Amino acid sequence: TSIPVISIDGPTASGKGTVAHRVAKQLGFHYLDSGALYRLTALSAIRHGIALEQEQAIADLARVLPCRFEKGHVFLAGDDVTDAVRQEAIGVAASKIAVLPLVRKALVELQVSFRQLPGLVADGRDMGTVIFPDAIQKVFLTASVEARANRRYKQLIEKGFPANMEDLVKDLAERDARDMARTEAPLKPAPGAFILDTSHITANEAVHQILSLYTDAV
Ligand code: C5P
């Protein structure tokens with residue numbers, strides 16, 4: 001029997017991070033924030049002065065990404081980059097390198113390595129479609145662009161980053177379009193995924209729904 005995976009995919013700022021993290025905590029499962037890996041790769045490329053179109057060079061960085069996740073903190077080559085990777089500019093850079101097939105391929109092994117006992121909650125765009133097609137429970141979280149821009153706005157302000165609603169709506173729409181239009185692992189619900197719209201429910205309500213789906217699935 002294989003190690004159970006719950007995949008939670010969805011667009012930017014749909015609440016995946018918060019929800020996936022809480023589901024993992026409730027079940028005592030490991031948690032994979034795959035977006036963070038794309039963000040770390042983008043940050044690493046920028047730090048190395050590598051242009052974001054340099055597919056091979058970025059894939060080479062991604063394959064040996066010197067990252068570490070510890071108590072809610074993220075490290076890149078020993079530096080605490082927890083706040084740096086959450087910046088909107090890094091999210092946009094991440095979505096640019098995420099279209100490159102060699103970069104996606106280079107990150108597969110690292111993502112799969114998070115699958116450990118007693119189980120994994122994996123959050124991203126292609127967790128249920130590509131990385132963990134055998135996930136026991138697949139979820140696709142969505143929310144309106146407005147609800148997502150509002151959440152992202154609050155997150156950024158809380159962290160002390162500048163934020164502008166109009167720019168955020170534009171960024172989100174652009175990022176959604178790029179994530180859905182790409183040929184390699186485009187953002188779309190996995191076959192059999194439970195589609196959960198979080199525009200009008202709280203994170204905890206979403207967590208409850210996912211936990212009861214999972215309980216029914218096992
Ligand atoms: O989820 P997050 O906003 O942190 O992800 C940043 C970017 O990384 C996304 O816009 C998407 O382009 C890319 N990504 C991806 N596949 C994943 C996770 C993230 O392409 N599994």
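Bear in mind these aren't lab numbers, they're just calculated from the coordinates by the rules spelled out. Small disclaimer: the values here were computed from a predicted structure and weren't measured. With ideal geometry, Cβ positions are generated from the backbone for all residues, glycine too; neighbour counts draw on all protein chains shown.
Quick notes
- For segment 110-218, the list of trypsin sites (Lys or Arg not before Pro) that fall in a loop by DSSP and count at most 13 other C-beta atoms within 10 angstrom reads Lys159.
- Fewest-first sequence of Tyr214, Tyr38 by Cβ atoms within 10 Å of each Cβ: Tyr214, Tyr38
- Taking the Cα centre of segment 5-217 as origin and assigning +1 to Lys and Arg Cβ atoms and -1 to Asp and Glu Cβ atoms, the resulting dipole is close to 200 debye.
- Each residue of segment 163-172 was assigned a 3J(HN,Hα) from its phi angle through the Karplus curve 6.51 cos²θ - 1.76 cosθ + 1.60 (θ = phi - 60°); the sequence is 8, 9, 3, 4, 4, 5, 4, 5, 4, 4 Hz, with glycine and proline shown as x.
- The distance linking segment 9-70 with segment 164-199 is 16 Å (Cα centroid to Cα centroid, whole angstrom).
- Per-residue Cβ neighbour rank within 10 angstrom, fewest leading, Val108, Val74, Val169, Val64: Val64, Val108, Val169, Val74
- Cross-link pairs Lys16/Lys71; Lys16/Lys138; Lys25/Lys105; Lys138/Lys159; Lys96/Lys188 - those with Cα-Cα distance over 23 Å: Lys25/Lys105; Lys138/Lys159
- FRET efficiency, 1/(1 + (r/R0)^6) with R0 25 Å, evaluated for Leu102 and Glu146 via beta carbons: 0.10
- Listed residues Pro11, His48, Leu65: farthest to the positive end of the dipole of segment 1-150 (Cβ charges): Pro11
- Put simply, segment 5-217 fits an ellipsoid with semi-axes of 25, 21, 17 Å; these come from the alpha carbon gyration tensor as the roots of five times its eigenvalues, largest first.
- Order by protection proxy (mean Cβ within 10 Å, highest first), peptides 12-19, 51-58, 66-73, 203-210: 12-19, 203-210, 51-58, 66-73
- Taking the chain and dividing mean pair separation by its residue count, relative contact order in percent (alpha carbons under 8 Å, at least six apart): 34 percent
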